[in-house]
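Notes follow once the structure below has been shown.
The values are calculated or read from the model by the stated rules, or taken from the named source; none is laboratory data. Every value quoted in this text rests on a predicted model; they were computed, and no experiment measured them. So basically every Cβ, Gly included, is an ideal-geometry build from the backbone, and we count neighbours across all protein chains shown.
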């Protein structure tokens, strides 16, 4: 029984990681398209990025419930979530003209790709600033 749960959890994490890689590739494509200055490429790249963010969000939402976790782990998770929320709020304040959903999705996309919350904040800030500068 434990092995099955572990396998499901690993598979779910693999899907999230693959979706994050897809999103990173879509961002790279968008960056290249903007540098090339070809409007058709930029439009396609934005569409790909939007789809990749949606895919990543769906994979994260499909992960197994954390209800079976011990209370100590739940409390640690809640504290971690509070840290995320405060950092996301900081980013929202920096980019008030963007929707909350965009800021949150970009942050959550970078979170598994970085080694810290600060790294995710930095990557999110850079990506949003680049997108607005274009």
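Observations on the model:
- Tally of residues being within 20 Å of residue 49 (Cα to Cα) and without any contact (Cβ under 8 Å) to a residue 60 or more places away in the chain across the range 111-128: 10
- Any hit, the range 61-76, residues being out of contact with any strand residue (DSSP E or B) (no Cβ under 7 Å at 6 or more places or on another chain), modelled with pLDDT of 65 or more and surrounded by 12 or more Cβ atoms within 10 Å (Cβ to Cβ): yes
- Residues that are at pLDDT below 85 and surrounded by 15 or more Cβ atoms within 10 Å (Cβ to Cβ) within the range 121-134 comprise just one, 131.
- Screening residue 55 with (1) in contact with a helix residue (DSSP H, G or I) (Cβ under 6 Å, 6 or more places away or on another chain); (2) in a helix (DSSP H, G or I); (3) at pLDDT below 80 gives one miss only, at (3).
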